[in-house]
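Shown next, in structure tokens, is the structure this report addresses.
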Amino acid sequence: MKIRSTTILAVRHKGEVAVAGDGQVSLGNTVMKHQARKVRRLYHGQVITGFAGATADAFTLFDLLEKKLEQYNGNLMRAAVELAKEWRTDKMLRRLEAMLVAVDKESSLLLTGTGDVIEADNNVLAIGSGGPYAQAAALALVNNSDLDVESICRVAMGIAADICVFTNHAIVIEKI
């Protein structure tokens, strides 16, 4: 059974960055949970992450990223690259089915199990079932409104929840 369970959105705007995630977890066509927390802070609150995919796999990746951040003194880019290398080459980690978004004051990154560490050109990243909807809405709002970063996330995630059946309105937002 395919698990579809989230929308994660990261927006960098007007000197601030926020990561938003919805709370729905679905198994097939059934909603299993409404208030899941898929956004969390790492490295003394200086890094915000969000995940899409298998929950246990994502928590494994959160722990590994936290260790890499400690090892590289909070340097998110270096920690992300090292995590991606390990994720891609380790026999056990290669099986993890999740994607991560990680942001700090300087960088907004997308990490995948294929070794990708992608930095957004346009200051907006989104993953998960409703990711394309949230990303499109956020891009429109960043370029055509005076909203702050948190408001952009809230409106864009609301639009995604209105369109994507695997996304709900139980939105969690963390901001730096």
Restricting to the range 148-170, what's the tally of residues that are touching a residue at least 12 places away in the same chain (Cβ under 8 Å) and within 14 Å of V11 (Cβ to Cβ)? 12
Condition first: assigned to a loop (DSSP other than H, G, I, E, B) and either closer than 23 Å to E16 by Cβ or touching a residue at least 40 places away in the same chain (Cβ under 8 Å) (or both). Can you find one or more residues in the range 46-64 that meet it? yes
From the option list L141, L110, single residue qualifying as among the hydrophobic types (A, V, I, L, M, F, W, C) and in contact with an Asp or Glu (Cβ under 8 Å, 6 or more places away or on another chain) is L110
What pairs come up if the first residue lies in the range 98-113 and is in contact (Cβ under 8 Å) with a residue 40 or more places away in the chain and closer than 14 Å to K175 by Cα, the second is in a strand (DSSP E or B) and of a type in the set (D, E), and their beta carbons are under 8 Å apart, counting only those six or more places apart or on different chains? S108/E119
Can you find a residue that is under 19 Å from E106 (Cβ atoms), at pLDDT 90 or above and touching a helix residue (DSSP H, G or I) at 6+ places or on another chain (Cβ under 6 Å) anywhere in the range 19-41? no
If you go through the range 3-14, how many residues are crowded, with 24+ Cβ neighbours inside 10 Å and part of a strand (DSSP E or B)? 5
Here is a list: V31, V17. Which entry is under 30 Å from S145 (Cα atoms) and either part of a strand (DSSP E or B) or touching a residue at least 60 places away in the same chain (Cβ under 8 Å) (or both)? V17
I'd like to verify a number: residues in the range 143-160 that are over 18 Å from the mean Cα position of the chain (by Cα) and among the hydrophobic types (A, V, I, L, M, F, W, C), how many? 1
Subset of the range 67-86, residues buried (at least 17 other Cβ atoms within 10 Å of the Cβ) and among the charged types (D, E, K, R), comes to K68, E82
Any residue that is closer than 23 Å to A18 by Cβ, outside any strand (DSSP E or B) and in contact with a strand residue (DSSP E or B) (Cβ under 7 Å, 6 or more places away or on another chain) - is there at least one of those in the range 67-76? yes
Which numbered condition T89 misses (of (1) at pLDDT 90 or above; (2) surrounded by fewer than 16 Cβ atoms within 10 Å (Cβ to Cβ); (3) not basic (K, R)): (1)
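The values are calculated or read from the model by the stated rules, or taken from the named source; none is laboratory data. What you are looking at is a predicted structure, and each value in this text was computed from that prediction instead of being measured. Cβ coordinates were reconstructed from backbone atoms using ideal geometry, including for glycine residues, and neighbour counts include every protein chain displayed.
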